[in-house]
Every structure is written in structure tokens, then in C-alpha cells.
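Notes for the one structure printed next.
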């Protein structure tokens, strides 16, 4: 319910959607806003993967280049 008023009162804004499932919610925000696709950006699983990688590297005290955590799709 926040997207239509946001689009109406801030028509030049860029939307950044950080959520899970990011792909579905980014698509819905894009459709509801009426904005061009390059102004609706989504981040979800990439952020989760980066957090996971950071935790592994710090917890195990290993070289960051030696860690390749798996990415699990939408959950």
C-alpha cells in the first residue's frame, strides 16, 4: 500500500527493495509504481550470501578468497 503514494508524491525516486523473496516483491513494486525497470532495484539472496560469507570467514578465521558459500534460492 506504500508504493502507489510513493510513486505519486515522489515520481523521480528510485526504489530499492531489500527483502525475501526479493524477485517477487521487486516485480510487484515495479508494476505498482509504474516506474521504468531501471528505477526499481531488488536485493535479497545476494545480500544473504554476502552475510553468510562474512560470518564464515570471521568465525573460522580463514582467508576470504578460500571461501565459496553456496547460494540457496528463494526460501
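Inside region 12-38, residues that are surrounded by 14 or more Cβ atoms within 10 Å (Cβ to Cβ) and part of a helix (DSSP H, G or I) make up a count of 10. Does any residue in region 15-29 that is closer than 14 Å to residue 2 by Cβ come within less than 7 Å, Cβ to Cβ, of a residue that is in a helix (DSSP H, G or I) and modelled with pLDDT of 90 or more six or more places away or on a different chain, and which pairs are these? Partner pairs satisfying both residue conditions: 15/29; 15/33; 15/39; 17/25; 17/26; 17/29; 19/25; 29/3. The residue that is farthest from the chain's Cα centre (by Cα), among those in region 39-72 that are in a loop (DSSP other than H, G, I, E, B) and modelled with pLDDT under 90, is 67.
When the residues of region 47-64 are narrowed to those that are exposed (fewer than 12 other Cβ atoms within 10 Å of the Cβ) and in contact with a helix residue (DSSP H, G or I) (Cβ under 9 Å, 6 or more places away or on another chain), which ends up nearest to residue 3 (Cα to Cα)? Across region 47-64, the extreme among qualifying residues is 64.
The values are calculated or read from the model by the stated rules, or taken from the named source; none is laboratory data. Computed from a predicted model, the values in this text were never measured in an experiment. Methodologically, a virtual Cβ is constructed for each residue, glycine included, from the backbone with ideal geometry; neighbour enumeration extends over all protein chains shown.
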